[in-house]
Amino acid sequence: MLAGASSHTSSSKMSQGIFPTSRIGNSEFPYSGASSFSQPIADMNDNDETDLLSISWNQDYDCFAAGTSHGFRIYNCEPCKETFRRDLKCGGFKIVEMLFRCNILALVGAVANSHYQPNKVLIWDDHQSRCITEFTFRSEVRGVKLRHDRIVVVLEHRIYVYSFTDLKLLHQIETLANPRGLCCISHNKNTFVLACQGLRQGQIRVEHFGLNMTKFIDAHDSQISCFALTSDGLLLATASVKGTLIRVFNTMNRSLLQEVRRGVDRAEINSIAFSQNVQWLAASSGKGTVHVFRLTVRVSGEDSLTQPNAIQGPTLFHQNSSSSLDPLISPNTGANPNSSLSFMRGVLPKYFSSEWSFARLHLPGNTRFIVTFGSQNTVIIVGMDGSFYRCSFDPVHGGEMVRQEHVRFLKLCVHHHAIC
């Protein structure tokens, strides 16, 4: 019996054929067996209204999943297009977690779902139209994260890590109260790093599972509201409920590498994202603003031979890596190119010396947005109001971002209410 979990059942054993070659986003899907889901539909201009319960990126950030009061939908990002959906008569899903673009998803039912309860995690194989396994807990599931080899389930006070191949429980982590299900994991095959709240306010716990190493980072004085890892887990960006500062840490030695400032007044930071090349950091706030910061942290590894000017720092070894090339992380001591006060660093108070955003965008309305980076210096923004934005920024001069695409990807109910 698991502490905090009443049962852990599998509807069928995990086999080597669990990951068929089908990919979400393809036009053809084979369906077999009974399923309570309807057939997929690919039409963004429908008239059926629904409630949007959640939005989340896949691990490559090239598509996103929307949990609705009727089921879930999957969208491509460039361009924004619905690829398929599944609808239920019994209710919707409050958590929909993709596994890259393959046919496996993790689903958690909404409170109004009469068949799938919010204390259960379903691992759904859309290729076979069936539930592969089911996890049941004593309390409500707050979050789920997937890797090719792991399933991470987040409860309010505990995190469970399971093997994807045999469903065995591998790790249990106790956390501070975590009603929002804050947790992030690395996605590189060679490293498995997990970041979550510690047991003290403002503290982040980082697990380097491949190295059997735990680090505690005292990131903020206030409660943590948002954080993100790079795909290899070597950098961590954090924000507190104040929402004025975002800090970037080295997860290996806990050192603070950079501090950037969103603003001077309080605002909830809803989403943080690193660019794939780790040159930029984006953040969205509850004030409808999106900020892009230039990272002064240099990361060199496999491409270090092609970047002779890359600054070398303390070696950070890849966990379980077959490569002899090790990533190197060090702070760039150059001044913030966007700050006219850089010559007075160390003299002015911290308010002036923290680095301000390089590019920015203000969006209409009052909604929660999540953000990521697209191709060719673009930022992709998805809102809980059913809006999608793709904006570009000037990598040399910064300033105001330019809207390249704006789509209403989901028509929402005028009067939000629970649907059974």
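The values are calculated or read from the model by the stated rules, or taken from the named source; none is laboratory data. Remember, predicted model here, so these are calculated numbers, not experimental data. Virtual Cβ from ideal backbone geometry, glycine too; neighbours counted across all protein chains shown.
Quick look at the values:
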| quantity | calculated |
| --- | --- |
| Subset of the range 179-200 (residues that are surrounded by fewer than 16 Cβ atoms within 10 Å (Cβ to Cβ) and more than 16 Å from residue 153 (Cβ to Cβ)) | 189, 190, 199, 200 |
| Residues that are crowded, with 18+ Cβ neighbours inside 10 Å and assigned to a loop (DSSP other than H, G, I, E, B), drawn from the range 90-109 | 91, 92, 99, 101, 103 |
| Number of the exception - residue 87 against (1) modelled with pLDDT of 90 or more; (2) crowded, with 16+ Cβ neighbours inside 10 Å; (3) acidic (Asp, Glu) | (1) |
| Within the range 110-126, considering residues that are among the hydrophobic types (A, V, I, L, M, F, W, C) and crowded, with 17+ Cβ neighbours inside 10 Å, the one modelled with the lowest pLDDT | 112 |
| Unique residue being in the same structural domain as residue 371 (by TED's automatic domain parsing), of a type in the set (Phe, Trp, Tyr) and under 23 Å from residue 151 (Cβ atoms) when the list is 216, 227 | 227 |
| Given (1) surrounded by fewer than 17 Cβ atoms within 10 Å (Cβ to Cβ); (2) outside any loop (DSSP other than H, G, I, E, B); (3) modelled with pLDDT under 95, number of the condition residue 171 does not satisfy | (3) |
| Failed item in (1) more than 16 Å from the chain's Cα centre (by Cα); (2) surrounded by 21 or more Cβ atoms within 10 Å (Cβ to Cβ), with residue 77 passing the rest | (1) |
| Matching residues, the range 248-268, being under 22 Å from residue 213 (Cα atoms) and either in a strand (DSSP E or B) or charged (D, E, K, R) (or both) | 248, 249, 250, 254, 256, 257 |
| Tabulated pairs, the range 146-175, first free of Cβ contacts under 8 Å to residues at least 12 places away in the same chain, second surrounded by 19 or more Cβ atoms within 10 Å (Cβ to Cβ) and part of a strand (DSSP E or B), C-beta under 8 angstrom, 6+ apart or interchain | 168/162 |
| Test: residue in the range 127-135 that is at pLDDT 95 or above and buried (at least 19 other Cβ atoms within 10 Å of the Cβ) | yes |
| The range 176-185 - residue that is in a loop (DSSP other than H, G, I, E, B) and within 19 Å of the chain's Cα centre (by Cα) and, of those, farthest from residue 119 (Cα to Cα) | 182 |
| Some residue of the range 153-161 being on the phi < 0 side of the Ramachandran plot, in the same structural domain as residue 55 (by TED's automatic domain parsing), surrounded by fewer than 17 Cβ atoms within 10 Å (Cβ to Cβ) and touching a Phe, Trp or Tyr at 6+ places or on another chain (Cβ under 9 Å) | no |
| Test result for residue 220, in contact with a strand residue (DSSP E or B) (Cβ under 9 Å, 6 or more places away or on another chain) and in a strand (DSSP E or B) | no |
| Condition check for residue 58: crowded, with 19+ Cβ neighbours inside 10 Å, polar (S, T, N, Q) and at pLDDT 95 or above | yes |
| Subset of the range 278-297 that is without any contact (Cβ under 8 Å) to a residue 60 or more places away in the chain and under 13 Å from residue 229 (Cα atoms) - its residue that is surrounded by the fewest Cβ atoms within 10 Å (Cβ to Cβ) | 278 |
| Residues of the range 367-411 classified as within 15 Å of the chain's Cα centre (by Cα) and farther than 13 Å from residue 284 by Cα, total | 1 |
| Given (1) farther than 22 Å from residue 71 by Cα; (2) assigned to a strand (DSSP E or B), number of the condition residue 122 does not satisfy | (1) |
| Exclusive hit being hydrophobic (A, V, I, L, M, F, W, C), modelled with pLDDT under 75 and more than 27 Å from residue 241 (Cα to Cα), set 352, 317 | 317 |
| Selection count, the range 201-227, where residues are under 14 Å from residue 181 (Cα atoms), of a type in the set (A, V, I, L, M, F, W, C) and surrounded by fewer than 22 Cβ atoms within 10 Å (Cβ to Cβ) | 0 |
| Residue check for residue 142: modelled with pLDDT under 95 and outside the structural domain of residue 192 (by TED's automatic domain parsing) | no |
